[in-house]
Structure formats: structure tokens, C-alpha cells
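The values are calculated or read from the model by the stated rules, or taken from the named source; none is laboratory data. For clarity, every value in this text was computed on a predicted model and none was experimentally measured. Please note: Cβ atoms are built from the backbone with ideal geometry, for glycine as well, and neighbour counts cover all protein chains shown. Please note that ligands, DNA and RNA were not included when accessible areas were found on the heavy atoms of the full protein model with its side chains. Shrake-Rupley method; radii C 1.70, N 1.55, O 1.52, S 1.80 Å.
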Amino acid sequence: MGVPDSQSSDTGIILRVRGPLELKCQLDTTDALLMQKVISGTFETLRAQVKSESLVLTVCDSPVFIWPNRGFHATPVEITPNTPCEDLQQWIQTDEQESSGKRSGKKKNKKSSTATAINLHLMMEVTTKGPLSAPILSRTVQKSHFLSTTLPMDCVIRTTSKDTIKDAFERLLEALTDQLCKMEKVMLQHMKGTTVLVPEPLHFLLPEPKGLVTVVYPAGVPDSQLETQRRELHQQFELPDDWPYFRRANAYHFPNEPYKDGYLRNPHLVLTHPSLDTGKVYLVQGIYSYHHYMQDHMDDNGWGCAYRSLQTICSWFQQQGYTERPVPTHKEIQQALVDVGDKQGSFVGSRQWIGSIEVQAVLNQLLEGSELGSKGRELANHFLTEGTPIMIGGGVLAHTILGVAWSETTGQIRYLILDPHYTGAEDLQVITDKGWCGWKGPDFWDQTAYYNLCLPQRPKVI
């Protein structure tokens, strides 16, 4: 069910090929074993197509076409089997470059810690060379069941600077063939009568050195019914059973794909860590969304900072697959506090401020429990063991703590703060340059105010 990619997850180029393959077969029997045999034969035909000269892979947004099974034929002619794989980037065009007829001229950035993704499209030539023959038509009347579905092929591999196009595309073909085998297994496993479920390939980035892994799930089957498969995957890749690595919400987000909801993810990743003598950095684990004032057509400037910090925490639980609930709105947060008896009914729809105690109550109602803590050692341990964002509230202000840099010997500490009081657009450079997401010293806090911290605990589940 899973296919690992042995390449490192933080260097090189990701080659991703997507495209439809049509699975069509006629089932002339209701015998389950015979139907499975027919479907398996159709998959074998598709695997033969992937290995045939008709297979064409095109680099998206470029004039590059490659026939990997035809003596590695490619256009333009400058592309040869020995061309470095990363040189494909030079042919990818933006809309402006396409109108001017120029190549992208992208420079290689060997120091970048984020892999670049090159998208390819899978196609099949419908015409073949050979003598023309007149068609022969015949008509047969019989009852049968015709199975027709589209397989959404989606394969990825990682390359290094040493990989040639020929080497990389050979690995891509192996990945396509292997994915068809996994799709066949999933389809037959979940087949009921003549009804089949379409296989759904998903990619997950596992801790090093495992890297990027592709898993095929049956589409339409919820995560709650796939725990057995996930448990097998955890055993296969020797992963702990307290983190949902293979839930759909944890699927890898490719670097050149924007998030549809418009929120920024993990803005802290572009920051440079502070250097403390004998100090270590402890950071939030996983993905979160940055929620701040004035988003979602909601004017909460001056009173909604704790709501926004809570939304950031809830986004973390959602995007790690711990919950399928959407991030709550201000009104839903207020209703949750009414439901647990913390507030009166008139609180819903108001502009009243909430603090970390209310945040804890909402988490208990919507997600799970939380606890309080306040010192460097406890914060460091929290990010090591739980990895969730922390909400801190004091006076009339609330912030989100994403990490700490702390020295056990000197006691020096810096806090990585995500500030919900920002009112501007989703501009990563402005947010980081102006310190709306940045490292702060202890003097960032009001020394005369009392602060509570809400340290959300995550469920220990697969």
C-alpha cells in the first residue's frame, strides 16, 4: 500500500506525474473470482501501456515532451537522456514568459532547504504506426456488466543534482507500474459485487530518513474505517503509534501549490533561530494556519486576539488529522462557551474578549483537554512531547507561542511568537519583517500583568 522514496526530503527536485488512465472491462459473470480475474487482466494491460512506446510525459507549462520508452525520444532536441534532471526547470514558463517567448531561466539554488516540484502530465498516444485496415463490425446480443472508471495516477520521486533525465524517468515508470499494482490490490480488496471503489493515491512526508511515501487508499472510505491499514503502515515504516502520519489531512502539500483557503501556513519557517550560549531550539511540530485580526470578513480589531489564537490552535489539530471539524468561527467559539456553562446566552454574537481559561474550555468542548505551565523547561518539554501551539493570555492581550530557544545552564530564553493582532494582508515578508511572527525576549511581556498559558495536549492516536 505504501511506496517509499529513498531520496532525502529536503534537497533536490520532486518530479510529480499525474494523469488519467481509463480502466474498462466487460464482466460477463457474477462469479466473484472470475470478475477479479478480469479486473486483474485489465490492470495488466494498463501496466503494459505504461511500458509501451505510446506513453508520453509532458512537463507542465513547457514545450517539453518525452517518450521514455521510445529510445528516450524527447523534444526540444536540446534535451537528451544525459541532460541533468534539474535542467527541466529552465523550460518551464510563467504566463508572462509564455507571451514573450522566453524561457524561465530559473537559477539553481543548491542551498535551498525546500525541494522544487516539477509537474508532469501522463498521456497516451492514440495513433500507432502500421498499415491501415478496414474496420469490421459485428453485433452480439448478451447481458453483461461493463466496468468503466478513471484511475487518477499520481506518482512522485525525488531527484538529486546527479540524476539525469533518463535515470529519473526510469524511476518514474517503475513508480507508475508499482502504483497500478497497489491500485489493483485496493480495488479488489474493497470490491462488493460489481461495485468497485476508485483508488486514491496520497503522498505523505515522513520523518527522515524515510522521506516522501505514496499510499493508495479507497476513495470515499473515511479515515475512521482505515485504522487497520494505517496501523500496518506504522509497522511497515517503524513509526510510533501516537501521531496520525497517514491520515488524509496529513497529506504532503507540494511547494508550488497554493492553499485554497488563503491562509498562510507556518510563517515561522523562514525565520532565523536566535543563538543562545548552550541553548537549544524547541518548535511546534506539524502544520498550522496563521489566524489574525480582520480575516474572514470579521472586524475583531481590539477584541478578537484570543479567538484568533484559538483558531490557530484548532487549525493545528485539523491539519494534523486529529479532528475533521473545521476551524471554529467567533460565534461558534462563543456558543461552545455557552454550551459548557461558562457564559450566558447573550454572549453569542457579542464583542467580548476571552482569555486562556476560556480557550481551555473551548478546547475541552470541541477537541480535547489542556493544562497550564509557564517556565522554560516546561515549554521546551511541551514542544518536544506534544508539539502543539501554545496560547498565552494576560491583561487584554493574547498571543500564540510557536517555540522557545532556551538554555538550561544560563536560563536565557527567547519566545517564537505568532501575533494575532496583525490587521494586514497575507504577506509573508511583511509579517516576518515587521515581527508579527518573530522571536521575542522576556521583555516582550508586560511585567506588571499576570499571564496564563494554555498548553493543548494532543490525542495519542494513529
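Assorted remarks:
- The range 16-26 - phi-based ³J(HN,Hα) in whole Hz, Karplus 6.51/-1.76/1.60, Gly and Pro as x: 10, 10, 10, x, x, 10, 7, 9, 9, 8, 9
- Axis angle, to the nearest 10 degrees, between helix 165-189 and the longest C-alpha principal axis of the chain: 90 degrees.
- Angle in degrees between helix 330-339 and the longest Cα principal axis of the chain, rounded to the nearest 10: 70
- Order of exposure, largest accessible area first, which applies to 455, 34 with probe 1.4 Å: 34, 455
- Inter-label distance for residue 426 and residue 28, nm, one decimal - labels placed 7 Å from Cα along Cα-to-Cβ: 5.5
- For the pair residue 146 and residue 174, a Förster radius of 25 Å applied to the C-beta separation gives a FRET efficiency near 0.20, rounded to the nearest 0.05.
- The peptide list 206-219, 389-402, put in order of mean Cβ contacts within 10 Å with the highest first, becomes 389-402, 206-219.
- Given their separation in residues at 0.36 nm each and the Cα-Cα distance between them, residue 127 and residue 323 gain 65.7 nm when the chain is fully extended.
- For the range 358-462, the square roots of the Cα gyration tensor eigenvalues, ordered a ≥ b ≥ c, give a/c below 1.5, which places it in the rounded category.
- Heavy-atom surface of the range 263-401, accessible at 1.4 Å and reported per residue (Å²): 43
- Eligible aspartates and glutamates near residue 185 by straight Cα distance, threshold 13 Å, same-chain separation 8 or greater: 44, 200
- Candidate aspartates and glutamates - alpha carbon under 19 Å from residue 434, same-chain residues fewer than 8 apart omitted: 419, 426, 443
- Between the range 389-410 and the range 135-209, the alpha-carbon center distance in angstrom: 47
- Sparse-neighbour loop sites [GluC sites (Glu not before Pro); the range 223-262; at most 11 other C-beta within 10 Å; DSSP]: 238
- Overall form of the range 125-248 per C-alpha gyration tensor (a/c, 1.5; a/b vs b/c): oblate
- If a spin label sat at a point 7 angstrom from the Cα of residue 299 along the line to its beta carbon, the backbone N atoms of the range 314-357 nearer than 16 Å would be those of 350-352.
- Per residue value of the accessible surface for the range 412-460 (all protein chains in place, 1.4 Å probe), Å²: 51
- Cα gyration tensor shape for the chain, rounded if a/c is under 1.5, else prolate or oblate: prolate
- Taking N as the residue count of the range 219-274, its C-alpha radius of gyration divided by 2.2 N^0.38 Å amounts to 1.51.
- Value of D in µm² per second that Stokes-Einstein yields for the range 15-72, Kirkwood Rh from Cα pairs, at 25 °C (0.890 mPa s): 179
- Inter-label distance for residue 457 and residue 385, nm, one decimal - labels placed 7 Å from Cα along Cα-to-Cβ: 0.9
- Take the Cβ atoms of residue 198 and residue 407, set R0 to 56 Å, and the FRET efficiency comes out at 0.55.
- Of 51/166; 331/440; 37/182, those spanning more than 24 Å from alpha-carbon to alpha-carbon: 331/440
- Cα-based helix-to-principal-axis angle, 356-366 vs the chain, degrees rounded to 10: 40
- Percent accessible area from carbon and sulfur atoms, the range 24-71, protein chains only, probe 1.4 Å: 52
- Gyration tensor (Cα) of the range 416-462, equivalent ellipsoid semi-axes in angstrom: 24, 20, 10
- With both labels modelled 7 Å from their Cα along Cα-to-Cβ, the residue 188 to residue 433 distance reads 5.9 nm.
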